[in-house]
Structures are given as C-alpha cells and as structure tokens.
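Input: a single structure, listed below in structure tokens.
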Amino acid sequence: MKGIQGLIIAIGLGIAGAILNFAYLVTKSQELETVDFIGVRPEITVNRGNRLTEDSLQKVSIPRLSAGNLEKFAFPYSALGSVKNEIVYRTLEGGSLVMRSDIKTPVQDLDFGQNAPPGVEERAMGVPIDSKKVVPSLITPGDLVSFVVPRWVSAAPTPAEGRPGGAESPGSAEPGKPGAIRPIPAAGMFGGGGSAASSSGEVDLIGPFKVLSLGTRVGSAQVAQAYKVSTVQENVMMVLVRIENGKIEPQAVKLLRLMEQSDFRPLGYLLHPRTQKTE
C-alpha cells in the first residue's frame with residue numbers, strides 16, 4: 001500500500017511539474033513574441049505638414065506582453081503601405097512611433113443634422129464674432145460657447161418699432177406708440193432666464209451653442225495648417241440651432257433679435273471647458 005501511495009504522489013508531482021513547466025514556456029514564448037509597429041528613424045525628424053516618406057520610417061518590434069492595447073493607438077507595420085506619403089499634423093521626433101492621431105485629414109463638411117433626436121431639426125446659424133477680442137484658432141468645431149451681449153443692445157429699437165430705416169420717432173417714447181423703445185428684459189426675452197439668457201452685470205450671456213465652423217474651417221486649426229488648407233472669414237462662427245415642432249429654440253431667437261438690434265455688430269463669447277458634454 002505504501003508503495004502505491006508513493007507512486008500516486010510521484011505521479012501527482014510529475015503532473016504538477018509538467019503544468020508549471022508548460023506555463024513557464026508559454027510565458028517565455030509570449031515574451032519572445034513581438035508586435036511590429038511603424039516608427040520614425042532615430043536620425044530623422046518629420047516636421048508638421050510634411051509627408052511620411054518610406055525612407056523615414058522603420059519597423060519597431062515590441063514584446064507582445066509589453067504592447068498591451070498599443071495597437072489601438074499606433075499603426076502596425078503591416079499598414080506601412082497606407083501610412084507612407086501621408087501628411088502629419090504634428091512634428092514627429094526621431095525614434096517615436098507613428099500614432100493614428102498623427103495622421104488626420106481635414107473635415108470637409110459641417111457636421112450636423114444626421115443624428116438629431118426624433119421631432120427635432122438642426123440648422124446652422126452664422127454669428128459675427130469680434131476677432132480683436134478672441135482667438136479663433138483656439139476654437140475647434142464641437143466646442144461650446146456662450147455669447148456676450150452688451151446690455152445696451154437690449155434697449156435698442158428695432159426697425160419695425162421706429163421710422164423706416166430704423167430711426168426713432170421724436171417724442172414717442174410711450175409704450176404702445178410708434179417708435180417707442182421696448183427694452184428686452186434682462187432675465188430673458190421669454191421670461192425664463194437660466195442658461196439660455198442669464199444676466200451678469202452690464203452684459204447678457206446667451207448660450208451655450210455648439211460651434212460648427214469658424215469661417216470655412218470645419219476642423220481644428222492644427223490640421224488645417226498641416227494640410228495647408230486656407231481658411232477665410234473666421235470672423236463668422238456657425239453654431240448649431242435646434243427647431244422643435246416648427247419653432248426655433250428660445251436662446252437662438254433671442255440671439256437673432258439682439259444681432260438685428262445691434263446691426264449685426266461682432267460679438268464676444270465665452271468658451272466652455274472641453275471636458276463638458278457637448279450634446
């Protein structure tokens with residue numbers, strides 16, 4: 001009996017040893033197995049806006065265990081044919097990997113209307129902005145902005161309320177008479193206030209609005225520069241406006257009326273944090 005027990009123990013230890021040995025071999029094989037990525041040769045720097053030539057690239061092998069999910073962010077070497085001759089939108093130093101985000105193509109069209117909720121239509125509205133007070137290149141379509149409207153704009157008459165051409169009728173300041181000035185309530189044209197028209201000091205804030213474009217630029221300024229895409233009329237910002245049940249959203253109506261009252265003078269704006277949800 002003791003001999004049989006010893007034999008069983010020996011067999012068990014043998015099986016355990018075989019399992020451990022197999023696990024060790026698997027681990028070592030994974031350490032030796034590599035994943036190949038596209039990298040920039042150490043002696044070469046590819047400047048922003050330049051193309052990736054084949055002689056500037058090389059294979060970079062990384063152990064599979066160390067690669068993790070790098071394949072989601074960097075180009076595998078098997079994609080060399082589709083990567084070479086592409087333009088990079090940031091400078092790539094020698095010895096760095098070519099990341100998927102390094103190769104971007106300029107967006108060609110305004111992005112709106114395709115995913116609107118049921119019963120809601122989306123439209124683009126142009127707003128003149130003051131390029132002397134803001135830096136348009138820091139704005140990327142998709143950002144959120146609120147427009148800063150001076151309080152005096154709310155007290156200006158509309159052409160329909162004055163004489164032809166918008167001039168005031170002297171001596172007619174009484175409400176209800178032709179030419180009377182009807183100030184827009186600071187709390188909001190529609191009596192609600194809130195985010196659509198909150199007031200602060202001598203200005204009103206109207207928004208937030210999602211930016212669709214700045215002039216002809218519908219993507220980031222960096223990508224446009226990298227691809228040498230010229231941009232014009234960045235003093236006009238296209239923003240997203242929603243229409244529900246045939247009615248334009250109140251904050252857009254308020255902004256439209258105030259732009260008309262100010263003869264479409266350029267507006268300033270406040271940029272919202274990009275970590276904020278944009279929809």
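Just so you know, in segment 232-268 the residues that are in a loop (DSSP other than H, G, I, E, B) and in contact with a helix residue (DSSP H, G or I) (Cβ under 6 Å, 6 or more places away or on another chain) include one that is farthest from ILE206 (Cα to Cα), and it is GLU234. In the set (1) surrounded by 16 or more Cβ atoms within 10 Å (Cβ to Cβ); (2) in contact with a Phe, Trp or Tyr (Cβ under 8 Å, 6 or more places away or on another chain), LEU52 fails one condition alone, (2). Taken over segment 204-230, the residue count meeting the criterion of being under 23 Å from GLU122 (Cβ atoms) and of a type outside the set (Lys, Arg) is 14. If the condition is being buried (at least 16 other Cβ atoms within 10 Å of the Cβ), at pLDDT below 80 and not in a strand (DSSP E or B), then segment 124-152 contributes only VAL134. Taking segment 81-139 as the range and being among the polar types (S, T, N, Q) and free of Cβ contacts under 8 Å to residues at least 60 places away in the same chain as the test, the residues that pass are SER82, ASN85, THR91, SER96, SER101, GLN114, ASN115.
Step by step: first the residues of segment 91-106, then only those that are surrounded by fewer than 16 Cβ atoms within 10 Å (Cβ to Cβ) and within 22 Å of the chain's Cα centre (by Cα), then the one that is modelled with the lowest pLDDT. Which residue is that? Among those that are surrounded by fewer than 16 Cβ atoms within 10 Å (Cβ to Cβ) and within 22 Å of the chain's Cα centre (by Cα), it is THR105.
The values are calculated or read from the model by the stated rules, or taken from the named source; none is laboratory data. Every value quoted in this text rests on a predicted model; they were computed, and no experiment measured them. Neighbour counts are summed over all protein chains in view; Cβ atoms, including those assigned to glycine, are modelled from backbone coordinates with ideal geometry.
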